[in-house]
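Every number here is computed from the coordinates shown, using simple stated rules; none is lab data. Keep in mind it's a predicted model, so treat the numbers as computed, not measured. Please note: Cβ atoms are built from the backbone with ideal geometry, for glycine as well, and neighbour counts cover all protein chains shown.
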Amino acid sequence: MQREIMTEKGGLRANLQSASAAAIGRAAALIRAGGLVAFPTETVYGLGADATNSKAVARIFEAKGRPSFNPLIVHVGDIRIAGIYAPLDDRAEDLAAAFWPGPLTLVLPRRPNSAISELVSAGLGSVAIRMPAHPVARELLRAAGRPIAAPSANRSGHVSPTAPIHVAEELADEVDMILAAGRSEVGLESTIIDLSRPKAVLLRPGAVTREQVEAVIGPVDTASGDPDRPTAPGQLRRHYAPSTRLRLNAETAEPGEALLAFGPALLAGRRADRVLNLSERGDPTEAAANLFAMLRTLDAGGHRGIAVMPIPEAGLGAAINDRLGRAAAPADE
Ligand code: TXA
Ligand code: MG
């Protein structure tokens with residue numbers, strides 16, 4: 001069933017299909033034929049292609065306007081399939097057992113002669129692998145019978161999509177199909193742990209917290225180094241960026257600003273143009289799920305700026321603050 005969808009930008013047409021069994025079957029056939037399919041995961045929507053088909057993978061970079069030195073995550077439906085492409089050491093086995101399927105990506109050494117396209121690894125000797133939990137993603141992986149390379153389904157540097165309409169607004173003309181299944185439950189991209197070297201490194205915070213990872217494999221380093229020459233370009237100082245200026249840790253919004261609130265916000269929002277609350281009850285998990293959609297909405301509102309209330313670092317707060325910090329970084333850095 002092909003539907004015409006209307007977006008805030010007006011009248012976009014996209015091959016947006018609700019994720020019935022039949023639609024998932026068509027999506028799987030498209031993947032096998034080298035097509036591009038946007039699909040739901042529990043973190044954010046992904047822009048998927050057959051990870052073993054370099055031509056198809058090249059289309060991902062083209063569609064996103066993504067620098068080709070930025071490697072992609074390979075999605076698999078089963079831990080044994082991960083093992084075909086990368087050897088899993090004890091740490092990887094233990095983390096996979098604890099958190100897969102789920103919002104955790106492991107960077108592992110590539111097997112020599114791996115069938116995964118070199119483009120996916122962007123020339124690195126490693127490959128990032130994740131087994132998503134979303135039932136539609138899992139069924140798509142099963143039906144396609146291929147590992148699926150998928151970055152977030154947004155234009156490079158933009159905010160990640162947490163609903164099918166976000167994908168349609170940015171990539172309607174580039175994708176062969178958008179498999180729609182409502183909002184992404186987690187709302188932030190997966191946690192990335194680099195296990196390709198002796199000491200594990202947290203490359204990107206996410207829903208699986210550092211504390212949870214450390215409880216399984218012991219102490220984990222924090223990605224350091226030059227933010228302009230990152231190991232994971234998710235580390236770029238400015239990323240996940242709306243075009244409206246963000247003012248973080250704001251106590252109150254100034255006239256002309258919208259307020260992105262967290263917790264009770266009556267006073268902070270007094271002078272605001274508009275108030276959206278990430279979580280009135282101050283729950284970081286709820287806030288994470290709302291973050292990108294609310295940033296998009298406020299970014300489209302033509303406000304002078306967006307004031308963001310402070311968010312405690314506990315639990316998912318660390319990942320939220322990581323994304324907000326990058327979204328607020330000046331564009332010319
Ligand atoms: O939750 C997610 O991870 C989503 C969904 C769709 O699965 N995907 C996602 O992909 O966020 P993307 O491309 O937006 O972010 C992938 C990150 C990038 O920062 C990339 O640099 C890093 O993973 N990455 C991929 N392969 C890597 C590798 N071999 N070594 C280091 N970093 C890698
Ligand atoms: Mg992304």
The stretch 246-328 - Debye-derived log10 I(q)/I(0), Cα point model, q = 0.14, 0.17, 0.26 Å⁻¹: -0.38, -0.57, -1.37
Antiparallel content of DSSP bridges confined to the stretch 4-222, in %, to 5: 55 percent
Estimated [θ] at 222 nm from DSSP helical runs (n ≥ 4, -39500 (n - 2.57)) normalised by residues in the chain, nearest 500: -8500 deg cm²/dmol
Mean separation of Cα contacts under 8 Å (6+ apart) over length of the chain, as relative contact order %: 19 percent
Net charge of neighbours whose Cβ lies under 9 Å from the Cβ of residue 171, counting Lys and Arg as +1 and Asp and Glu as -1: -2
Neighbour-count order for 45, 85, fewest beta carbons within 10 angstrom listed first: 85, 45
³J(HN,Hα) computed for each position of the stretch 198-204 - Karplus, 6.51 cos²θ - 1.76 cosθ + 1.60, integer Hz, glycine/proline x: x, 9, 5, 10, 7, 8, 8
Using distinct alpha-carbon pairs, which all enter the 1/r mean, Kirkwood radius of the stretch 271-317 in Å: 11.5 Å
Residues with amide H under 5 Å from that of residue 48, placed H, sequence gap 5 or more: 37, 38, 39
Computed over the stretch 4-222, Kirkwood Rh from alpha-carbon pairs, angstrom: 17.2 Å
